[in-house]
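*Asks:* Next up is a structure, given as structure tokens.
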């Protein structure tokens with residue numbers, strides 16, 4: 001009614017304005033009206049224009065615009081004619097074209113046809129309405145699925161324009177004088193509507209109108225009409241309505257009343273197109289939305305359906321693509337067997353289906369108590385799947401295997417819970433495509449999920465718990481994809497995978513396994529991301545053979561053996577690895593090649609932190625090891641080993657032990673608080689270290705034995721239990737920017753070096769010699785400062801050639817320089833200060849000065865040959 005009031009006010013304002021148009025007989029009539037019915041309002045403005053008036057006849061057009069509360073709007077355009085066929089009778093006919101845009105945003109068009117007859121105060125009229133064009137529009141709110149004779153059908157929801165007709169008879173009641181400006185009319189009538197898919201709906205109507213003419217301030221012939229009425233039909237039941245209408249001639253009518261004059265009366269007809277909203281579409285067959293297969297028979301399964309034999313007969317009767325709807329607890333003493341492409345749905349599960357003709361997708365399901373299949377025979381499986389079977393929203397309890405399938409093309413399990421199976425919760429053999437979603441298996445006597453053979457397994461949101469053996473056991477499955485899977489409290493291996501082309505797991509959690517947590521054997525491609533392993537009685541992760549293994553965001557803790565053990569794996573890429581509290585080593589790699597690890601933390605291991613045995617090609621970055629029961633890193637054999645950003649602390653033995661590594665490179669690291677040495681390297685073609693700090697170690701800072709080529713750059717060694725740097729039997733040694741301090745033994749000790757070069761060496765606060773050289777072909781120093789040493793500043797034995805440049809000893813507890821053995825060919829500058837003895841020799845050294853060597857001993861230039 002809000003819209004009606006606005007329209008009425010606008011038209012009234014137009015009518016009250018002065019007019020200068022010449023009088024016509026008759027002239028156009030403007031109208032504003034509104035009605036209220038069942039809480040909804042309709043407002044209309046119209047203009048009725050007479051065009052031809054030959055004698056007692058009129059041809060007119062009638063244009064109307066409608067607004068309806070709720071957002072609907074429409075328009076009508078009509079053409080009509082009236083003629084006084086006798087002095088007492090006036091007959092009329094009209095045709096209208098109507099348009100409506102409904103509150104549901106659907107547009108409809110109809111044609112209307114009307115007949116009229118007026119005899120004095122008597123009025124008789126009839127109208128017919130015929131929709132044009134597309135009379136229906138889809139409305140998915142009213143889409144419906146229904147069962148009929150064991151088949152599932154679909155009807156589309158629609159809004160449709162209805163066919164209809166109405167008629168009424170009535171006229172002026174003799175309540176007021178015939179010439180009174182007040183008129184009371186009453187009418188009775190009937191109507192009928194029908195459409196596709198709905199019953200014909202006839203009804204009756206009655207209305208009364210009170211009109212007031214000679215309205216002050218308005219043009220002659222204007223009339224204000226107030227109406228009340230009622231309708232009744234079988235579908236809509238009873239309705240009351242009220243109306244208000246103002247009609248104003250534009251230009252004057254010579255006093256003719258627009259409500260009583262037969263030539264000027266309004267055309268009475270339905271104000272807008274009548275529509276119906278409901279499930280009225282044609283009946284259609286249905287198909288499964290995911291497969292496009294026609295849905296077979298539909299049957300309900302419950303305890304009332306009988307025993308296993310009766311249930312299997314009922315399932316078989318539904319045929320291929322049959323749909324079985326289960327509810328409540330169903331006891332089974334033998335397996336329930338699903339046929340080919342059959343689907344078993346529990347109560348409250350929705351299934352996506354599509355109408356076969358219109359292609360509309362909707363969902364279907366039943367409500368009721370949750371469906372549980374309870375196996376009462378521990379020697380029989382509970383549910384056996386057919387080829388392409390689907391199971392959803394079902395609980396399975398007891399039996400031998402909870403769910404079993406053999407030699408099938410594929411199966412789908414969704415929202416399934418299996419508990420208390422005597423053997424496996426789910427047992428699949430030779431199933432090519434297995435898909436599991438939202439599946440929980442609890443309390444299986446053997447494995448939670450066991451699958452052998454088959455092309456692929458895809459599982460997401462799985463929980464497998466409290467199993468007698470493994471949570472998941474896969475043998476020879478082609479490709480496996482796990483996402484968001486939890487395995488806990490298993491009597492055996494948490495997840496065991498044997499063979500297969502590829503294995504991928506994301507967000508896999510394995511906890512409290514009775515043996516290893518995760519074992520992969522002989523898999524070509526494996527990827528583990530967001531993996532969490534904890535409290536395994538055996539190893540955390542064990543991978544045997546295979547290639548192309550990727551680890552990312554992996555956490556392993558509290559294991560009874562090694563945290564991660566990889567045997568014979570080629571091409572390993574790992575990042576963001578965390579290993580803690582292992583009874584064995586943190587990470588062990590045996591054999592394999594091309595290993596890359598970036599970002600790893602290994603802590604609190606009973607044995608070594610990282611152990612590599614025979615790995616050909618290891619590249620690491622940002623590796624941290626803390627509190628290991630043996631060496632932090634042990635590398636035995638292998639072609640190459642390189643690591644940057646290595647941090648090791650609190651190891652029971654050496655920080656790094658390298659045995660027989662062809663090429664080893666360490667950079668940008670810190671090694672501290674070790675029970676043994678910082679670094680021990682035995683054998684190998686080359687060793688290099690740069691930007692490395694070693695501190696607070698129990699033995700030597702760095703010991704290099706029989707390494708052909710040694711290169712050190714920006715290395716700091718401090719607080720060692722014995723020597724700082726020991727190099728034995730090196731083919732060549734190059735050290736740049738080397739600092740050694742606070743050692744229990746010598747700062748630097750070189751034994752049997754072929755060639756050695758030191759540039760920028762600082763040694764201080766050492767318990768033994770600052771630098772000790774035992775046997776060497778040619779050793780050169782440039783920019784050396786040795787201070788506060790307990791022994792000799794520089795001790796030389798059997799060195800064939802020695803070159804000193806800017807070499808200073810300040811504060812030696814014994815000799816600043818001591819030579820012994822067959823040492824000869826000294827060249828360069830040596831400065832000794834504040835030492836117990838300037839220089840000394842055991843008498844066997846041949847201190848031959850070459851190249852003008854200058855020894856400055858306590859400020860006095862000294863010939864090295866004069867050293868006592």
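*Asks:* Return the only residue of 515, 552 being within 20 Å of residue 605 (Cα to Cα) and buried (at least 17 other Cβ atoms within 10 Å of the Cβ).
*Replies:* The match here is 515.
*Asks:* Would you point out which residue out of 203, 227, 190, 197 is surrounded by 13 or more Cβ atoms within 10 Å (Cβ to Cβ), assigned by TED's automatic domain parsing to the domain that holds residue 132, within 20 Å of residue 124 (Cα to Cα) and within 60 Å of the chain's Cα centre (by Cα)?
*Replies:* Result: 203 is the single residue among 203, 227, 190, 197 that is surrounded by 13 or more Cβ atoms within 10 Å (Cβ to Cβ), assigned by TED's automatic domain parsing to the domain that holds residue 132, within 20 Å of residue 124 (Cα to Cα) and within 60 Å of the chain's Cα centre (by Cα).
*Asks:* Follow-up. Would it be correct to say that residue 311 is in a helix (DSSP H, G or I), touching a strand residue (DSSP E or B) at 6+ places or on another chain (Cβ under 8 Å) and crowded, with 18+ Cβ neighbours inside 10 Å?
*Replies:* So residue 311 fits the description; yes.
*Asks:* Also: Part of a strand (DSSP E or B) and either touching a residue at least 60 places away in the same chain (Cβ under 8 Å) or out of contact with any strand residue (DSSP E or B) (no Cβ under 7 Å at 6 or more places or on another chain) (or both): is that true of residue 166 in this structure?
*Replies:* Taking the combined requirement at face value, the residue satisfies it.
*Asks:* For the structure I just gave you, tell me whether residue 738 is closer than 18 Å to residue 781 by Cα, modelled with pLDDT of 95 or more and part of a strand (DSSP E or B).
*Replies:* yes
*Asks:* I've got another one for you. Find the strands (runs of 3 or more DSSP E) located wholly in segment 499-614 whose residues include 1 or more that are in contact with a strand residue (DSSP E or B) (Cβ under 8 Å, 6 or more places away or on another chain) and closer than 20 Å to residue 481 by Cα, and list them.
*Replies:* 502-513, 518-521, 525-536, 541-544, 547-559, 570-582
*Asks:* Can you name every one of the strands (runs of 3 or more DSSP E) wholly within segment 345-446 that holds 3 or more residues which are within 31 Å of the chain's Cα centre (by Cα) and surrounded by fewer than 18 Cβ atoms within 10 Å (Cβ to Cβ)?
*Replies:* Those strands (runs of 3 or more DSSP E) span 433-442.
*Asks:* While we're on this one: Among the residues of segment 40-95, count how many are assigned to a strand (DSSP E or B) and either within 60 Å of the chain's Cα centre (by Cα) or not assigned by TED's automatic domain parsing to the domain that holds residue 263 (or both).
*Replies:* Matching residues across segment 40-95 total 20.
*Asks:* Quick one: residue 111 ticks every box in (1) closer than 30 Å to residue 282 by Cβ; (2) in contact (Cβ under 8 Å) with a residue 24 or more places away in the chain except a single one, so which number is it?
*Replies:* (2)
Each row is one residue, and each column tells you yes or no for (1) free of Cβ contacts under 8 Å to residues at least 12 places away in the same chain; (2) within 49 Å of the chain's Cα centre (by Cα); (3) assigned to a strand (DSSP E or B); (4) on the phi < 0 side of the Ramachandran plot.
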| site | (1), (2), (3), (4) |
| --- | --- |
| 665 | no, yes, yes, yes |
| 681 | no, yes, yes, yes |
| 688 | no, yes, yes, yes |
| 692 | no, yes, yes, yes |
| 696 | no, yes, yes, no |
| 700 | no, no, no, yes |
| 715 | no, yes, yes, yes |
| 722 | no, no, no, yes |
| 726 | no, no, yes, yes |
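*Asks:* Among the residues of segment 294-308, what is the count of those that are assigned to a helix (DSSP H, G or I) and either surrounded by fewer than 19 Cβ atoms within 10 Å (Cβ to Cβ) or on the phi > 0 side of the Ramachandran plot (or both)?
*Replies:* 3
*Asks:* Moving to a separate point now. Determine if segment 146-156 includes at least one residue that is in contact with a strand residue (DSSP E or B) (Cβ under 7 Å, 6 or more places away or on another chain), in a strand (DSSP E or B) and closer than 30 Å to residue 79 by Cα.
*Replies:* no
*Asks:* Take the residues in segment 202-220 that are touching a strand residue (DSSP E or B) at 6+ places or on another chain (Cβ under 7 Å) and over 22 Å from residue 269 (Cβ atoms), then tell me which one is modelled with the lowest pLDDT.
*Replies:* Ranking the candidates gives 219 first.
*Asks:* Now for a different question. How many of the residues making up segment 830-846 are under 22 Å from residue 753 (Cα atoms) and either modelled with pLDDT of 85 or more or touching a strand residue (DSSP E or B) at 6+ places or on another chain (Cβ under 7 Å) (or both)?
*Replies:* Final tally of qualifying residues: 5.
The values are calculated or read from the model by the stated rules, or taken from the named source; none is laboratory data. Since this is a predicted model, take the numbers as computed values, not measurements. For neighbour counting, all protein chains shown are included, and Cβ atoms are generated from backbone atoms with ideal geometry for every residue, glycine included.
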